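Participant: Have a look at the structure that comes next, please.
Coordinate-derived values only; no laboratory data. The structure displayed is predicted, hence computed values, not measured ones. Don't worry about glycine lacking a Cβ; one is built from the backbone with ideal geometry, like all the others, and counts go over all protein chains shown.
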Amino acid sequence: MPRRDLDPLFDRLSRSKFRSRFALSTKDRAYAASKGRAEVNAHAEDFIRKRLAPAAPVNDGKQTPMRGHPAFIAQHATATCCRGCLMKWHGVEPGRPLNEREIAYVVAVLDRWIVSQMSPSRE
């Protein structure tokens, strides 16, 4: 998905007091830098497949930790943390598994947010 297609979403997220308060910690930034973008995205995809993609995720609404991996923080910042937020912010209906395109979309959203957090101006 081209970066510009996500601009309206990120504009809306930036206006949310709750969503815009999230930021990667120094530890999360160091972790992301040490693992690299490809590996962090692979982890993110695995988390999405296991925790968000099922039609009825286990503990939906509480399945995404608030810390422990840059992707988890990114999920909260981008409203991809649970199926309710995915519906409200991204228009993905609940009650069915995410398809491959939707999984790729969520990973692209997480990647864009993490990359934005890694910019030198954030230090």
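Participant: Please verify whether Lys50 is over 14 Å from Val109 (Cα atoms), exposed (fewer than 12 other Cβ atoms within 10 Å of the Cβ), free of Cβ contacts under 8 Å to residues at least 24 places away in the same chain and not aromatic (Phe, Trp, Tyr), treating the condition exactly as stated.
Facilitator: Working: over 14 Å from Val109 (Cα atoms): yes; exposed (fewer than 12 other Cβ atoms within 10 Å of the Cβ): no; free of Cβ contacts under 8 Å to residues at least 24 places away in the same chain: yes; not aromatic (Phe, Trp, Tyr): yes.
Criteria not met by Lys50.
Participant: Residues in the range 77-110 that are buried (at least 18 other Cβ atoms within 10 Å of the Cβ), without any contact (Cβ under 8 Å) to a residue 40 or more places away in the chain and either of a type in the set (A, V, I, L, M, F, W, C) or not in a loop (DSSP other than H, G, I, E, B) (or both): how many?
Facilitator: So the count comes out to 6.
Participant: So Ala74 ticks every box in (1) under 18 Å from Arg101 (Cβ atoms); (2) touching a residue at least 24 places away in the same chain (Cβ under 8 Å) but one. Which box is left unticked?
Facilitator: So the condition that Ala74 fails would be (1).
Participant: Which of the residues that make up the range 6-26 are part of a helix (DSSP H, G or I) and surrounded by 11 or more Cβ atoms within 10 Å (Cβ to Cβ)?
Facilitator: Passing the criteria: Leu6, Asp7, Leu9, Phe10, Arg12, Leu13, Arg19, Ser20.
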